[in-house]
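Shown next, in structure tokens, is the structure this report addresses.
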Amino acid sequence: MAPRSRSSNRWRFLQLAYYLKRPKRLALLFISFVSVSFIVWDRQTLTREHELQELKNYLSNTGVNVDLISKPKSPSKNSIQEDPIDIHRREKVKEAMLHAWTSYEKYAWGHDELQPQSKNGVDQFGGLGATIVDSLDTLYIMGLHQQFQKATEWVANSLDFNKDYDASVFETTIRVVGGLLSAYDLSGNKVFLDKARDIADRLLPAWDTPSGIPYTTINLARGKAHNPGWTGGNSILADLGTEQLEFIALSQRTGDPKYQKKVENAIFQLKKIFPSDGLLPIYINPHTGSKSHSQITFGAMGDSFYEYLLKSWIQGNKTEAVQHYRKMWETSMQGLLGLIRRSTPSSFAYICEKTDDYLSDKMDELACFAPGMLALGSSGYGPEDAEKFLSLAKELAWTCYNFYQSTPTKLAGENYYFHSGQDMTVGTSWNILRPETVESLMYLWRLTGNKTYQEWGWNIFQAFEKNSRIESGYVGLRDVNSGVKDDMMQSFFLAETLKYLYLLFSPPSHISFDEWVFNTEAHPLKILPRTDTFTGFVNGEVSVSHERPRRTDHSLGRKEGRERIVH
Ligand code: DMJ
């Protein structure tokens with residue numbers, strides 16, 4: 001008996017009853033607990049601030065002017081209310097980005113893209129470090145500071161555009177000009193703006209055609225532009241109509257209207273030939289400015305022309321100067337309604353392609369950006385049309401999600417055919433890590449608040465993790481039925497797919513639609529006051545009077561942008 005009593009005596013301090021009988025000791029214990037917690041918390045804070053200060057000192061010593069994302073002064077409303085599942089999923093996506101980035105860093109640094117199986121770098125864009133430039137804003141938004149810093153140094157010291165290379169004007173604009181401008185808007189580091197101007201100046205001669213419709217290809221070192229043979233000498237609708245956001249943004253930030261004039265002139269040329277249903281064929285003749293006989297599609301070679309009509313209106317603050325964009329977009333959306341059919345037996349809505357008067361029951365996964373676009377544009381309509389287009393957006397998103405769900409790997413093929421009684425069947429069966437469906441899910445989730453879209457996005461993310469992740473990066477699939485892998489990590493996987501997924505699990509106020517507009521490569525551009533006015537045509541060219549915004553350009557909301565970053 002004696003030993004048991006000694007032992008219970010020894011542990012009496014751990015029993016609640018002991019303290020309930022001794023209130024003074026209870027009070028002392030409580031005070032000690034609070035003091036120790038405070039000391040530990042304070043030490044951690046000091047250490048973090050010390051690290052931040054060290055990094056700041058290092059940056060200023062190396063002459064790099066980057067604003068670091070500041071630690072929020074107090075937890076934001078959003079972080080308090082956030083769903084822990086969202087936080088967990090966001091972290092998983094961030095980890096995926098880190099895996100993609102470190103693989104690229106290890107095996108392909110400085111090259112355009114990584115071939116993860118061969119562990120090689122390849123230069124499909126002329127050797128402009130496309131993955132680095134495309135990833136800058138994703139790294140920034142995800143709070144991957146060290147990686148962003150290394151990428152910044154590469155841009156400042158190694159990015160060289162003087163390449164004897166025939167570059168795609170479209171790809172270079174959306175990835176490089178867009179990526180640099182977005183990094184500038186987020187960080188305020190002028191090196192990005194200077195580089196954006198350098199590459200844009202090299203692209204600009206592409207617009208020197210009799211009609212002002214740009215050529216699709218230009219030699220970056222020599223400035224010689226042309227259209228490739230396979231287009232029959234024509235320019236491509238999605239190319240010539242997807243440069244407006246970037247070049248307008250560049251004019252706004254430099255105060256030089258020449259960029260904006262070129263790209264807006266192309267739209268005014270299209271306005272002259274714009275049909276009553278707002279649907280243009282994919283080939284436009286740059287010499288005459290007329291349509292060439294070809295297909296109408298919301299997929300490859302047509303898609304982002306429609307996206308930029310809407311987004312140029314949003315970028316222009318929906319002001320009088322940009323009303324024509326909205327009008328053209330609404331006309332095109334009426335035309336889009338004429339391309340919608342529903343499958344049997346499950347009634348999936350899909351967007352047909354059209355040649356002459358013939359509709360073909362085929363839809364590209366690329367056209368899955370359309371649900372997001374429709375949702376984004378729906379609020380500019382009156383209540384009835386807003387409801388109609390939002391509801392179409394939801395239907396199309398369901399179809400696109402089923403492009404993924406209907407395959408054994410749960411990843412979508414490149415395009416789908418719809419046959420009577422069979423719903424959808426995969427046509428071209430590869431998957432190259434494209435973003436369009438998760439892009440639309442992000443828009444729909446933000447604009448409807450319906451968490452179902454997050455669930456769909458999470459399922460798609462898990463399918464990428466299962467099928468596309470390998471030890472040295474992420475690869476596409478040669479076939480979504482068999483799961484056989486390819487050997488390419490597209491830069492848009494880091495620029496778009498992972499960024500949209502990350503934002504799908506972040507509060508909508510992070511890079512909010514009220515302050516930012518995403519270019520077609522998912523690079524957010526800050527919406528600035530549109531200070532110019534369209535003053536008509538002079539010698540067949542658009543004339544705009546342009547005033548540089550009074551406040552320093554990057555100060556407009558840069559701070560707000562930083563405060564909304566999710567770490
Ligand atoms: C991206 O480069 C852009 O989203 C473009 O508008 C379409 N193709 C790819 C992604 O699929």
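The values are calculated or read from the model by the stated rules, or taken from the named source; none is laboratory data. Given the structure is predicted, the values throughout are model-derived calculations rather than measurements. Note: ideal-geometry Cβ built from the backbone for every residue, glycine included; neighbour counts use all protein chains shown. All accessible areas refer to the heavy atoms of the entire protein, side chains included, with ligands and DNA or RNA removed. Shrake-Rupley method; radii C 1.70, N 1.55, O 1.52, S 1.80 Å.
Let a ≥ b ≥ c be the square roots of the eigenvalues of the Cα gyration tensor of the stretch 323-463; is it rounded (a/c under 1.5), or, if not, prolate (a/b larger than b/c) or oblate?
Oblate, since a/c reaches 1.5 and b/c is not below a/b.
How big is the gap, in Å, between the Cα center of the stretch 98-119 and the Cα center of the stretch 227-294?
Measuring centre to centre over Cα atoms gives 34 Å.
Per residue of the stretch 124-133, in order, report the coupling 6.51 cos²θ - 1.76 cosθ + 1.60 (Karplus, θ = phi - 60°) as ³J(HN,Hα) in whole Hz, putting x for Gly and Pro.
8, 10, x, x, 9, x, 3, 5, 5, 5
How many Lys pairs in the stretch 99-220 lie less than 20 angstrom apart by Cα atoms, where the lysines are 8 or more positions apart or on different chains?
Qualifying lysine pairs in the stretch 99-220: 5.
Take every Cα pair under 8 Å in the stretch 393-512 that's 6+ residues apart, average their separations, divide by the length, and report that relative contact order as a whole percent.
28
Between GLU465 and ASP208, take the C-beta separation as r, use R0 = 41 Å, and let me know the FRET efficiency to the nearest 0.05.
Between GLU465 and ASP208 the formula returns 0.30.
Which shape class, rounded, prolate or oblate, goes with the stretch 98-220 when its Cα gyration tensor gives a ≥ b ≥ c as root eigenvalues, a/c under 1.5 marks rounded, and past that a/b bigger than b/c marks prolate?
The shape class here is oblate.
Rank these residues by their accessible area, most exposed first, probe 1.4 Å: VAL122, VAL177.
VAL122, VAL177
Around MET424, under 15 Å between beta carbons, what's the net of Lys plus Arg minus Asp minus Glu among the other residues?
Neighbour charge sum, excluding MET424 itself: -3.
Please give the FRET efficiency for GLU91 paired with GLN334, using the beta carbon to beta carbon distance and R0 = 51 Å, rounded to the nearest 0.05.
With a Förster radius of 51 Å, E is 0.75.
Going by Cα centres, the stretch 305-346 and the stretch 421-469 are how many Å apart?
Distance between centres, Cα-based: 22 Å.
Points 7 angstrom from Cα along the Cβ direction at HIS145 and ASP83: gap in nanometres?
With each label placed 7 Å out from Cα toward Cβ, I get 3.0 nm.
Below 18 Å, Cα to Cα, which aspartates and glutamates can LYS94 reach? Residues fewer than 8 away in the same chain don't count.
GLU82, ASP83, ASP86, GLU105, ASP134, ASP137, GLU439, GLU455, GLU465, GLU471, GLU496
If I take R0 = 25 Å and measure r between the Cβ atoms of ASP160 and LEU98 in this structure, what FRET efficiency does the formula 1/(1 + (r/R0)^6) give, to the nearest 0.05?
0.40
For the stretch 229-369, evaluate the Debye formula with one uniform point scatterer on each Cα (no solvent term) and list log10 I(q)/I(0) at q = 0.11 Å⁻¹, rounded to two decimals.
-0.42
Would you mind getting the Kirkwood hydrodynamic radius of the stretch 155-276 from its Cα pairs, rounded to one decimal in Å?
This gives a value of 14.7 Å.
Going down the table (LYS499/LYS526; LYS271/LYS362; LYS318/LYS526; LYS224/LYS262; LYS327/LYS388), which pairs top 19 Å between alpha carbons?
LYS271/LYS362
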